[in-house]
Amino acid sequence: MNEKRVFNFAAGPSAIPEEVLAEAGAEIMNYRGSGMSVMEMSHRSKAFLSIFEETKDTLRRLMKVPEDFEILFLQGGATLQFAMAPMNFITRTGKADYAITGSFAGKAADEAKKYGDIAIAASSKEKNHTYIPAQSELKIREDASYFYYCANNTIYGTEWQYTPEAPAGVPLVADMSSDILTRYVDWSKYALVFAGAQKNMAPAGVTVVFVNKAYIGSALPYTPVMLDYAAMVKGDSMHNTPPCWSIYMMGLIMKWVEKMGGIEAMDARKRQRSKLLYDVIDASSLYKGCAEKGSRSFMNVTFVTGDPELDKRFIAGAKEVGIENVNGHRSVGGMRASIYNAMSIEGAQALADYMVEFEKRG
Ligand SMILES: *Cc1c(COP(=O)(O)O)cnc(C)c1O
C-alpha cells in the first residue's frame, strides 16, 4: 500500500481501488491523446461516447443484465429514485407495498406516500432494524403496483439473504446502493433496481438505474421530464448533460471488477472480508454485533462495545494505526466498517487484528 494511504472503511463515498486512482491520475491531463481531460470533454464527443458505451457494456456483461432492461446513468442519488420509482410505476394500480428495514427504506416509503396508497409489507422497526423479515412475514397485496425493498441496509448492517417473492404480477423494486456488484440479480423478478454509485461503483455524482422497459411509459402526468424513465431511456441518459467524470470513473472501476474475476470474485471476497470481522465479534466478550446473525450484511459490519466512551477510544485508536472511518452512522453511533468491493482482504485483516489487540489492551 502507498505509504500515506489509509484503510478507508467509509460508508460512502468510499474507497476506490488504488490501481483505478492511478489510472485516472495518469490520464487526467490528456485522455488517450485527446489533448484534454475527460472532465473537459463534450458529452457528445466521440471519445466520451465511447467511454459511455463501454461502461454500460461492461456493467451489462458483469451483471448479466438482459436486453429488456435499460441501464441509465442519472443524477440526484439513490434518494431521487425514492420519488422517481413511484412516479413512474404507481399508475399501474395506485398502490405499492414497502418493507421498512432501515432508514433509507423508510425515506423511500415516505416519498412514495405522496403519490399513492402505500402499505407497509413488513417492518423491523420494533427491533431497531436489527433483522430482515422472513418471506412468511411479508404481507404484499396482490394488486400492488410493485413491492419495494432495500437490499442492504447501510446504516444498520443488515442485508436480505434471499430475493423476496411477491404475488404473481407484482414486480420488485430494489435499492441496491450498497450491495450492487456483489451478487447476481434475478432480473426476471424486477421492474427496477437502482444504486447511488458512491458506495460500490464510482465516485459520487452518478446513480445507476436498471429499468425494465416493460414497465415504463406510464408516469404520473405531472412527472418532470428528468424523472420520467421513458424520457431517460429515449435520450440514452443524455436528455441533458450526464455526470461525465463519474461515469468515466465507473468505467475504470467496472474494468477492475472484471479483471479481478467479476461478480463471483466480488462475492467470494465479500464473504472473506466480512468473516474476518464477524469471527472477531463472535469470539469477543467486548464487541457485540448489532445485526442478528441470519441477517448480517456482507458490506457494512456494525458493532458496539456497549460503552460510548470506549467506542470513541476504539475509533480514535484505529485512526492511529491507519484505519479510518469506522465510526457508526451519526443516527446510531457505535462502529461500522464498510467493506465494499474495493476493500482489500489485507484491509479487513488489519481491522480484525486491531479489534483483537484493542480488546486485549482493555
Ligand atoms: C447511501 C444510500 C442511499 C442514499 O444515497 P444518495 O445517493 O446519497 O441519495 C440510499 N440507499 C442506500 C441503501 C444507501 O446506502
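The values are calculated or read from the model by the stated rules, or taken from the named source; none is laboratory data. Just so we're clear, the structure is a prediction, and the values are computed from it rather than from any experiment. Backbone-built Cβ (ideal geometry, glycine too); neighbour counts: all protein chains shown. Keep in mind that these areas ignore ligands, DNA and RNA; they rest on the heavy atoms of the full protein, side chains included. Shrake-Rupley method; radii C 1.70, N 1.55, O 1.52, S 1.80 Å.
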So residue 215, is it out of contact with any Lys or Arg (no Cβ under 7 Å at 6 or more places or on another chain), buried (at least 16 other Cβ atoms within 10 Å of the Cβ) and more than 26 Å from residue 102 (Cα to Cα): yes
Flag for residue 49 being in contact (Cβ under 8 Å) with a residue 24 or more places away in the chain and surrounded by 14 or more Cβ atoms within 10 Å (Cβ to Cβ): no
So residue 202, is it more than 9 Å from the ligand (Cβ to nearest atom), within 13 Å of the chain's Cα centre (by Cα) and not acidic (Asp, Glu): yes
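When the residues of the stretch 160-179 are narrowed to those that are closer than 30 Å to residue 245 by Cβ and in contact (Cβ under 8 Å) with a residue 40 or more places away in the chain, which ends up farthest from the ligand (Cβ to nearest atom)?
173
Would you list the strands (runs of 3 or more DSSP E) that sit entirely within the stretch 55-160 and hold 3 or more residues that are surrounded by fewer than 19 Cβ atoms within 10 Å (Cβ to Cβ) and not acidic (Asp, Glu)?
Per the criteria, 117-123.
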Residue that is nearest to residue 307 (Cα to Cα) [pool: residues in the stretch 332-362 that are hydroxyl-bearing (Ser, Thr, Tyr) and not in a helix (DSSP H, G or I)]: 338
Residue selected from the stretch 250-286 under the condition among the charged types (D, E, K, R) and within 16 Å of the chain's Cα centre (by Cα), by the criterion farthest from residue 346 (Cα to Cα): 267
Meets criteria (more than 22 Å from the chain's Cα centre (by Cα), in contact (Cβ under 8 Å) with a residue 40 or more places away in the chain, open to solvent by less than 30 Å² (accessible area, probe 1.4 Å) and closer than 30 Å to residue 320 by Cβ) for residue 11: no
Any hit, the stretch 306-315, residues being touching a helix residue (DSSP H, G or I) at 6+ places or on another chain (Cβ under 6 Å) and assigned to a loop (DSSP other than H, G, I, E, B): no
Pairs with Cβ under 8 Å, 6+ apart, first in the stretch 200-214 and on the phi > 0 side of the Ramachandran plot and of a type in the set (A, V, I, L, M, F, W, C), second outside any helix (DSSP H, G or I) and away from the ligand (no atom under 11 Å from the Cβ): none
Test: residue 273 is in contact with a strand residue (DSSP E or B) (Cβ under 9 Å, 6 or more places away or on another chain) and either over 29 Å from residue 85 (Cα atoms) or open to solvent by 70 Å² or more (accessible area, probe 1.4 Å) (or both): yes
Total residues in the stretch 205-223, condition within 16 Å of the ligand (Cβ to nearest atom) and farther than 24 Å from residue 265 by Cβ: 3
Hits in the stretch 315-361 - residues which are within 27 Å of the chain's Cα centre (by Cα) and aromatic (Phe, Trp, Tyr): 340, 354
Residue list for the stretch 288-305, restricted to those being in contact with a helix residue (DSSP H, G or I) (Cβ under 7 Å, 6 or more places away or on another chain) and either closer than 10 Å to residue 335 by Cα or without any contact (Cβ under 8 Å) to a residue 40 or more places away in the chain (or both): 289, 301, 303, 304, 305
